[in-house]
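Shown next, in structure tokens, is the structure this report addresses.
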Amino acid sequence: MTAPLVELTEIHKSFGANPVLKGVNLELQSGEVHALAGGNGAGKSTLINILGGNITDYTGTIRIDGESKKYAAAADAIRGGIVVIHQELSLIPTLSVVENLFLGDPLTKRGLIDRKAMEAEAARILKRFEIDVDLRAPVQELPLSTRQLVEIAKGLRHKARVVVMDEPTSALNEIETQRLFGIIAELQRQGSGVLYISHRMEEIAQIATRVSVLRDGQIVATGTPRELTPDVIAAHMVGKPLEEVKLQVQADANMVGEVLLNAEEINFSRAGQTVVDHISIQVRAGEVVGLAGLEGAGASEVLWTLFGAHQKGGSCKMTLKGNPVDCASPKKSKTAGLALVTNDRKTTGLVLCASIEENAALPSHAKYARFGWLNTKAMLRAMDILCRSFAVKSANFSEAVSSLSGGNQQKVVLAKWHHTNPDVILLDEPTRGIDVHAKVQIYEQILKWKREGKGLLLISSDIHELILLSDRIEVMKQGKVVRQFSREDATAESVMRATISA
Amino acid sequence: MSALAKLRPTLKTAEFRAIMAFAIVLGLGFIFSGDGSFFRLGTHRDALRQVSVYGILACGMSVVVISGGIDLAVGSILALVAVALSKLVIHLHFSPLLGVLIAIAIGGIAGLLSGTLVAFGKLQAFIATLAVMVFSRGIAKFVSGGQKVATNITAPDGTSTFVEVPGLFRAIDNKILGDNVSVVTIIFVVCFLITWLLLSRTKWGREVYAIGGNEEAARLSGIAVKRSKLLAYVLSGMFAAVAGICQAAQEQQGDPEAGMGYELTAIAMVVMGGTSLLGGRGSVGLTMIGILTIGYLEKILSINAVPESGRLVITGAIIVIAVFAQNRR
């Protein structure tokens, strides 16, 4: 038997006194798609960074084709045929698609940048990935899903024998995801090995030839997708079965009360283009209304418009508990009893460099202030209780919120809005990029809010999650509501079909 | 080894690093004591007096920097206020209280102008305050007619008369507590305490941190971002006015050329303390250590009779080294 393409043996790595990897053994064969599942904080990112040459002070050995290798830097690993496509986008927003694709090693002619050759090459690459995009457009003007595709294309521009993909589909829609899977199949045929990291079980089942589960810095299970079904993987990752949430949802169904939020004529346009087109939405007490739609359908923009978060271009006529609300600024909406959990905790949800307690207190300062002076003692005491009740996992809430795992960061976001005691909570992808365990906790919080008689408006690109939690689903397409489903007649297939059909 | 590992988190804090830099500078003072003058109380009194005007500016600068901005206008506002105050109390015989109130109002208005351009006009702080810096200097020269406003008044016919130095100036330029503390140092410490209280104990102060850390997240948390940013510049302008009052009192005149480059010294003090120019991180306490470090460094160099050229080169080098040390993680 030939040596595996990649073989990791007894990889250890600690950050300070905190061990993150405790002896990881993992192999990747040529032509294999090896899926790696694991909760946030399990050590996946660290493992990827070691393989990609970004972290060099680890112990243990990496063998490529049976030969022991130690890369000194990321560029070194790329030359060795290892390409890592990170979840966090590494594109430079103000540069064009072409410039990003060739960042770091542009094509040159007599020492000068050869723009023509680069554009021709870029067009060829993007065609291969079926990405339809203006090559000269600054990346920041592209939708998130296109940016992610460009990121993937950038990674695969080099001939790669080992490709590591970290949650590549987190911003992709169904069609784009399938296209990516086509690319992965092609890589397999060429004999490359793919290490595929994802939280999405159905993807793992579809494309992986082998699955490993990482928990607390160790591989706890490896097997074929047949042996490791989604339920088994989830069990290995946490223990708490999703079944419990399902039962709770069923028990809690139909507790819907009077109308809390009644919004009509919701409009939003960006740079003269209509994004949300005369939509009406009602949310009742104890009701979870799901908003389904592909990227660009305008669902997020509906939430932003209701919350007054758009600085211009948004308008609506809204009443909350019968009182008219001017959706002009987040400050006004917050005071009226609305809360918005945005879909990106890092850029819009949290102040990353500030402490956990500061973040949790941010929207509620007024509660603890008299004539502008804060009662910091009372505030911090309340934040301590709040963060504990939301099971934020940290030894010390005065630490920076950036030190938390994604799931715990998201709990801080939910906690901070819970503390403002809102009537209606707008949730945009509340479980994006977090592990199963934290997901379950967030589902439970949503159900708790529901029992408390709050109204919830939920967006999720995880269709199963949306169906599990929503009492009613509104499907959006091109800024309009095109279909509605009740809890009884919503199935994953029917809702998905409605989001893509004409 | 394990003791060191335990200490490591402490060693990494910005406070510890700032204090280390200050301790090293003090250590230099012990070694190069300028024939023992470092051990005389008067030397320390003078060091603290000489650093006070810069320190007052650095307090306001800390707030602006924590909010994610920068204020280049403070040196010019200082000059404008010094000129205006001298005009009022020396030539026009205003009462000290009214003069001081008007002076602080002028600083506040200049800060309001910067803040409005930044918060509502969405100009970059660097550009907006650069404009206000040039503008204020122009007004200072206009008000003074390009001349120092002093107790020596030249009449149109060429004769000059001397008026008495106003009591306000003499009071500020005084030393108290048995000649051991300068009044300007007291004023500086009061400014520091006010800044510290505002930043750590008020709703606005905590919001300034949040805005500097992530303005969009702060806005989406329902914070009045524009108003809070505006107030940061107003406060900085008012502190620049206080510095201008102290400067005028010490010079016993209003010099339209005063305060040139002071904004850069104030920024250096803020950075020296370890407050990040990216915003959201740091404190005025750190700035205080930065102020003392730079102030004492200058003093130690001067008691050792290092010429100005050498002092500038060494100060520049120390700032770079300190900031390098701060940024290492």
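The values are calculated or read from the model by the stated rules, or taken from the named source; none is laboratory data. In this text, all values refer to a predicted model and were calculated from it rather than measured experimentally. Glycine gets a Cβ as well: all are built from the backbone with ideal geometry, and neighbour counts include every protein chain shown.
Conditions tested, residue by residue: (1) closer than 17 Å to B:Glu251 by Cβ; (2) out of contact with any Phe, Trp or Tyr (no Cβ under 6 Å at 6 or more places or on another chain); (3) in contact (Cβ under 8 Å) with a residue 24 or more places away in the chain.
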site: B:Ser136; (1), (2), (3): no, yes, yes
site: B:Ser144; (1), (2), (3): yes, yes, yes
site: B:Asn152; (1), (2), (3): yes, no, no
site: B:Thr159; (1), (2), (3): no, yes, no
site: B:Leu177; (1), (2), (3): no, yes, no
site: B:Leu199; (1), (2), (3): no, yes, yes
site: B:Ala210; (1), (2), (3): no, yes, yes
site: B:Glu215; (1), (2), (3): no, yes, yes
Check your understanding: Which of the residues spanning the range B:87-123 are of a type in the set (Ser, Thr, Tyr) and within 20 Å of the chain's Cα centre (by Cα)?
Key -> B:Ser114
Practice item. Return a yes/no flag: does the range A:300-320 have any residue that is at pLDDT below 90, of a type in the set (A, V, I, L, M, F, W, C) and either part of a loop (DSSP other than H, G, I, E, B) or in contact with a Cys (Cβ under 7 Å, 6 or more places away or on another chain) (or both). Key: no
**Study point:** Whichever residue in the range A:379-413 is touching a Phe, Trp or Tyr at 6+ places or on another chain (Cβ under 7 Å) and within 14 Å of chain B (Cβ to nearest Cβ) and, among such residues, is nearest to B:Leu198 (Cα to Cα)
**Key:** A:Met379
Exercise for review: Within the range A:290-298, identify whether any single residue is touching a residue at least 12 places away in the same chain (Cβ under 8 Å), surrounded by fewer than 17 Cβ atoms within 10 Å (Cβ to Cβ) and in a strand (DSSP E or B), and answer yes or no.
Suggested key: no
Review point. Is it true that some residue in the range A:127-137 is assigned to a strand (DSSP E or B) and of a type outside the set (Val, Ile, Thr)?
Key: no
Exercise for review: Pick out the one residue from A:Thr342, A:Thr376 that is over 22 Å from A:His437 (Cα atoms), at the interface with chain B (Cβ under 9 Å from one of its Cβ atoms) and of a type outside the set (A, V, I, L, M, F, W, C).
Suggested key: A:Thr376
Exercise for review: Could you name every one of the helices (runs of 4 or more DSSP H) located completely within the range A:341-424 that has at least 2 residues being surrounded by fewer than 21 Cβ atoms within 10 Å (Cβ to Cβ)?
Suggested key: A:376-389
Point to revise | the range A:353-363: number of residues that are within 9 Å of another protein chain (Cβ to nearest Cβ) and either more than 22 Å from A:Ser300 (Cα to Cα) or at pLDDT below 90 (or both) | key: 6
Point to revise | Matching residues, the range B:285-318, being farther than 20 Å from B:His44 by Cβ and crowded, with 21+ Cβ neighbours inside 10 Å | key: B:Leu286
Check your understanding: Here are some conditions: (1) crowded, with 23+ Cβ neighbours inside 10 Å; (2) assigned to a loop (DSSP other than H, G, I, E, B); (3) touching a strand residue (DSSP E or B) at 6+ places or on another chain (Cβ under 9 Å). A:Gly453 meets all but one. Which one does it not meet?
Key -> (1)
Study note, to complete from the structure: Only one of A:Val84, A:Val133, A:Val163 is under 22 Å from the mean Cα position of the chain (by Cα) and either within 20 Å of A:Arg179 (Cβ to Cβ) or at pLDDT below 80 (or both), namely A:Val163
Practice item. For the range B:173-226, enumerate the residues that are within 14 Å of another protein chain (Cβ to nearest Cβ), surrounded by fewer than 22 Cβ atoms within 10 Å (Cβ to Cβ) and out of contact with any Gly (no Cβ under 7 Å at 6 or more places or on another chain). Key: B:Ile194, B:Leu197, B:Ser200, B:Arg201, B:Glu216, B:Arg219, B:Ala224, B:Lys226
Review point. Which of the residues that make up the range A:310-331 are within 9 Å of chain B (Cβ to nearest Cβ), surrounded by fewer than 23 Cβ atoms within 10 Å (Cβ to Cβ) and within 25 Å of A:Gln409 (Cα to Cα)?
Key: A:Ser329, A:Lys331
Study note, to complete from the structure: Matching residues in the range A:476-502 (assigned to a strand (DSSP E or B) and out of contact with any Leu (no Cβ under 8 Å at 6 or more places or on another chain)) number 7
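Counting only residues that are within 14 Å of chain A (Cβ to nearest Cβ) and small (Gly, Ala, Ser), which one in the range B:256-287 is farthest from the chain's Cα centre (by Cα)?
B:Gly280
crowded, with 23+ Cβ neighbours inside 10 Å, among the β-branched types (Val, Ile, Thr) and within 24 Å of A:Cys353 (Cα to Cα), is that true of B:Val270?
yes
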Review point. Mind checking which pairs have a first residue in the range A:349-373 that is within 11 Å of A:Val401 (Cα to Cα) and a second that is charged (D, E, K, R) and assigned to a helix (DSSP H, G or I), Cβ under 8 Å, 6 or more apart or different chains?
Key: A:Val351/A:Glu358; A:Leu352/A:Lys346; A:Glu357/A:Asp384; A:Glu358/B:Arg206; A:Asn359/A:Lys416; A:Ala360/A:Lys416
Revision key, fill the gap. Here, strands (runs of 3 or more DSSP E) confined to the range A:1-87 with at least 2 residues that are touching a strand residue (DSSP E or B) at 6+ places or on another chain (Cβ under 6 Å) and among the polar types (S, T, N, Q) are A:59-64
